[in-house]
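Heads up, the thing below is written out as structure tokens.
Nothing in this text is a laboratory measurement; each read-out follows from the coordinates by a stated rule. Nothing here was measured: the structure is a model prediction, and the numbers come from that model. All Cβ positions, glycine included, derive from the backbone under ideal geometry; neighbour counts span all protein chains shown.
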Amino acid sequence: MTGKSHKAQTPGRFGVYGGRYVPETLMAALEELEREYGKAKRDPEFKQQLEDLFRNYAGRPTPLFLARRLTEKLGGAKVYLKREDLLHTGAHKINNCLGQALLVERMGKHRVIAETGAGQHGVATATVCALFGFECVVYMGTEDMRRQELNVFRMRLLGAEVRGVDSGSRTLKDAINEAMRDWVTNVRTTHYLLGSVLGAHPYPTMVRDFHAVIGREARAQILKAEGKLPTAIIACVGGGSNSIGIFHHFLKDKKVQLVGVEAGGRGERLGEHAARFHGGKPGVLHGTYSYVLQDDAGQIATTHSVSAGLDYPSIGPEHAWLKDTSRAQYVAASDREALAACTLLAQTEGIIPALESAHAVADCVKRAPQMKKSEIVIVNVSGRGDKDMGILRENLKNC
Ligand SMILES: *Cc1c(COP(=O)(O)O)cnc(C)c1O
């Protein structure tokens, strides 16, 4: 079924995963997007525009930083941090938003919709819409709006309209359903700016390509600094975009271990975590076939994580493929481990990571001491912790 190669055989498929499971009304839009992206990819002008935005707007290249005190403390492998937290808006998400915004312009559309859970993707989308002068509507569950008041304000300040979704659990998956409904209705003028390597083809491939700059830079940077490749690369996995972004240019380097860290939450039972590879089964959610956390009747399970960005019941289809072919390994870090790792990084390096990224740091804390001093690990710090101050303060009372 899965074969030996990690390469997808057909466009939009990663082994058996991926595909395009959407209502007929969206097929034309997805085909248009695929065509337009295909053309853009081959156009040197598109490449140049994107590089210019990466450099002069987002702040690329991001540094690869040797974490000396953390390395010393862990007593094993040398730890480097890829600093996506230093990007404009505070996380890697801007890479993808800029890429898609350029495509919207090329398609002659002027209205962008997006869904958001904690608000991070909504803020990045509202940001690029302001930059490009697009109308922007962000769907958000009313429960999430209540929890993330400040991000709702931020999006509105950037000129976006935030539409509350009052159905279901009033969280991310309900917001996605509503955004899909809007897209079906307004598909001629509207682009759906999806925030991770999820959804129907071409999104998982396209979003990966926009984030592949992370690994392309990291590979050149580590070769320059150390003259060799790392033993392992560690990244957290929500939908899977920052991880696939740093993995992509290392896929062929078979000796480099690729480690994805899922949210172990507060326990192993269904509903207590968001570790799709530790309890999930293949299924279709939001247009793509991948691992999904579901109950025995196939109903989508509720999930929990201290970090909103990892709190999603499915995972990008390319990760499902990398998992089945064993090219990448997937582990989990618990809420408690992530919180401890966050404090550790703050106090050894003066860097407060996003709680999502702290899951990757937590795995490094377990892994690096088992490794030789001559070995290297790179941890992708996907975002900064400013957005998490409320949660951190609540959880680290004796800090
Ligand atoms: C959204 C987010 C994530 C999770 O999304 P991926 O698509 O898995 O990268 C991770 N880290 C940060 C900082 C985020 O904002």
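Quick notes on this structure:
- Segment 311-399: mean projected area of Cα convex hull, nm²: 7.2 nm²
- Cubic angstrom per residue, convex hull over Cα atoms of segment 21-160: 177 Å³
- In this structure, the pairs whose alpha-carbon distance is over 18 Å, taken from K73/K366; K82/K372; K228/K254, are K82/K372.
- Inter-label distance, K254 to K39: 4.1 nm, where each label sits 7 Å from its Cα along the C-beta direction.
- Among the trypsin sites (Lys or Arg not before Pro) in segment 244-287, those located in a DSSP loop and surrounded by at most 13 other Cβ atoms within 10 Å of their own Cβ are K252, K254, K255, R269.
- Length gained on full extension, S326 to T25, computed as 0.36 nm times the residue gap minus the Cα-Cα distance: 104.7 nm.
- Intensity falloff of segment 194-244 expressed as log10 I(q)/I(0), Debye formula with alpha-carbon point scatterers, at q = 0.15 Å⁻¹: -0.47
- Cα principal axis extents for segment 78-180, largest first, Å: 46, 40, 23
- The per residue volume of the convex hull around the alpha-carbon atoms of segment 256-357 is 99 Å³.
- For the chain, adding -39500 (n - 2.57) for each run of n ≥ 4 DSSP H residues and dividing by the number of residues yields -12500 deg cm²/dmol at 222 nm.
- Checking every one of the trypsin sites (Lys or Arg not before Pro) in segment 314-399 against DSSP loop status and a limit of 12 other Cβ atoms within 10 Å picks out K372, K373, K397.
- Reducing segment 245-290 and segment 294-364 to their Cα centroids gives an inter-centroid distance of 8 Å.
- Beta-bridge orientation, the chain: approximately 30 percent antiparallel, per DSSP, counting only bridges with both partners inside.
- Within segment 191-326, percent of DSSP bridges classed antiparallel, to nearest 5: 60 percent
- Cα extents of segment 135-243 along the three principal axes, largest first (Å): 53, 32, 27
- Neighbours of G168 by Cβ distance under 14 Å: Lys/Arg scored +1, Asp/Glu scored -1, total -3.
- Coordinate range along principal axes, alpha carbons of the chain, Å, largest first: 57, 47, 45
- Each peptide among 209-219, 157-167 gets the average number of other Cβ atoms lying within 10 Å of its residues, and from highest to lowest they stand as 209-219, 157-167.
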